[in-house]
Amino acid sequence: MAKDGNGHAAAMRKLRRLVKGIRVAMMTTTTEDGTLHSRPMATSEALDEDGALWFFTSAETEKVREINADHHVNVAYSDPENDRYVSITGMARVVRNKEKMQKLWSPMLRIWFPRGLDEPDIALLRVEVERAEYWDPSAGLLSAIVSRVRSAVTGNPGFPARHGRIDLRPEEETQRAA
């Protein structure tokens, strides 16, 4: 996707649309021995103005230790009802900004943080999105139904969704990677 201002803004809009309404994602980190470790996380903010995802966490967790050792994460969103799937890669870091926490706080978070923002080890995870890959049924409902019927009749699995990639890295990073 283009890196100029308009291209970046369009990519952000598209990614926001793709994850909109999917509250829980699977966040994958890497353990000390290189094993991948996934867990469900409730998204507090999907793609802020800087292109970051935000999650509340306890600072004293295995996940935070893994992120401090290796900032690379994958965040996967799944909406099977609508055949919409998004896999996001980025760099995560722990943030302890009370103002940001107040902005993102939701009463539902009391399930994990009974003392609210007064929890001693409450923190945020900020994931700076670098790339995303998606499968989206942008062809519409009729196309999805036809594809499923065709799969049932022929026995060949079909996937009615359109597959694409979004790159939100700064242009100079993209050129270095090429």
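Across the stretch 40-67, the number of residues qualifying as aliphatic (A, V, I, L, M) and under 13 Å from R23 (Cβ atoms) comes to 4.
Working only within the stretch 81-101, note down all residues that are among the charged types (D, E, K, R) and free of Cβ contacts under 8 Å to residues at least 60 places away in the same chain. Residues satisfying the conditions are E81, R93, R96, K98, E99, K100. Set side by side, the residues V73, V94 differ, and just one is under 14 Å from the mean Cα position of the chain (by Cα) and part of a strand (DSSP E or B), which is V73. Beta carbons closer than 7 Å, at least 6 apart along the sequence or on distinct chains, pair a first residue in the stretch 102-130 that is closer than 27 Å to D70 by Cα and surrounded by fewer than 19 Cβ atoms within 10 Å (Cβ to Cβ) with a second that is of a type in the set (S, T, Y) and modelled with pLDDT under 95 for L104/S44.
Against the numbered list (1) on the phi < 0 side of the Ramachandran plot; (2) in contact with a strand residue (DSSP E or B) (Cβ under 6 Å, 6 or more places away or on another chain), N82 comes up short only at (2). In this structure, L15 qualifies as under 19 Å from A132 (Cα atoms) and crowded, with 19+ Cβ neighbours inside 10 Å. Only residues that are in a loop (DSSP other than H, G, I, E, B), surrounded by 13 or more Cβ atoms within 10 Å (Cβ to Cβ) and not hydrophobic (A, V, I, L, M, F, W, C) were counted in the stretch 24-51, giving 3. Any residue at all in the stretch 52-60 that's assigned to a loop (DSSP other than H, G, I, E, B) and of a type in the set (S, T, Y)? No: zero hits.
Output the number of residues of the stretch 79-93 satisfying the condition of being more than 18 Å from D50 (Cα to Cα) and surrounded by 15 or more Cβ atoms within 10 Å (Cβ to Cβ). Step through it out loud before you land on a result.
Pass one, the stretch 79-93, residues more than 18 Å from D50 (Cα to Cα): 79-87.
Now drop any that are not surrounded by 15 or more Cβ atoms within 10 Å (Cβ to Cβ), which leaves 79, 83-87.
Residues meeting the conditions: 6.
The values are calculated or read from the model by the stated rules, or taken from the named source; none is laboratory data. As the structure is a computational prediction, the values presented were derived from the model and not from experiment. Methodologically, a virtual Cβ is constructed for each residue, glycine included, from the backbone with ideal geometry; neighbour enumeration extends over all protein chains shown.
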